[in-house]
Each structure stands twice: as C-alpha cells, then as structure tokens.
1. Rank by packing, highest mean first: peptides 17-30, 76-89, with packing defined as the count of other Cβ atoms within 10 Å averaged across residues.
2. If R₀ is 25 angstrom, what is the calculated FRET efficiency for the pair residue 86 and residue 48, using the beta carbon separation as r and rounding to 0.05?
3. Please compute P(r) over all alpha-carbon pairs of the range 2-81, binned at 5 Å starting from zero, and give each bin as a whole-number percent.
C-alpha cells in the first residue's frame with residue numbers, strides 16, 4: 001500500500017499514516033510537514049494544512065506549525081459513528097489530551 005501512495009495511485013488512510021508515523025517515531029503532523037517540505041514557524045489559519053481520510057471522512061488540521069517542538073496542536077473532526085484505529089504502540093512516545 002505504501003508503494004501505491006508514493007506513486008500517487010492511492011490516498012493514504014488515517015490508520016496507515018498513524019502506523020507509518022508511529023513506526024518512524026514522529027507525529028502525524030511532522031510526517032505530513034516533511035512530505036510537504038514545510039518548515040514555517042507561523043501558519044495563518046487559511047494556510048494550515050488539512051488532511052482528510054478518504055475512507056472515513058476523518059479530517060485533521062494542523063493548528064501549530066510542525067517545527068519538531070515539544071507541543072503540537074491539531075483540530076480533528078471525526079464524523080459521528082466513525083472509528084479510526086491505530087496500534088496502541090504507534091504513539092507510546094506521545095502524551096495526548098483531548
């Protein structure tokens with residue numbers, strides 16, 4: 001599946017990106033920022049990267065720039081009745097608050 005995503009033949013799902021970023025030891029925002037080559041310190045609301053899972057409609061907007069700092073703010077919109085599962089160990093290195 002990763003090969004298809006790299007070739008632009010498929011859109012990655014939230015579950016795939018979660019597993020991939022966890023395996024690389026980084027947050028989802030860091031993974032997306034590296035893929036886009038974005039290293040800005042200030043990102044206006046209209047320019048904040050948004051990603052939507054093609055399978056579930058899960059939408060994720062990076063509120064804070066992915067600067068590799070100790071804090072990351074994201075806004076998540078999860079449609080009612082939708083589930084997105086990640087392996088428990090994918091984010092063992094992150095403290096999350098909802």
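What follows draws every value from the coordinates through simple rules; no lab data is involved. Quantities reported herein were computed from a predicted structural model and do not represent experimental measurements. Counting neighbours? That spans all protein chains shown, and the Cβs are built from the backbone with ideal geometry, glycine included.
1. Values: 17-30: 18.1, 76-89: 10.8.
Descending mean neighbour count gives 17-30, 76-89.
2. Details: r = 22 Å, r/R0 = 0.89.
Taking R0 as 25 Å, the efficiency between residue 86 and residue 48 is 0.65.
3. Going from the shortest bin to the longest, the percentages are 3, 15, 23, 28, 18, 11, 2, 0.
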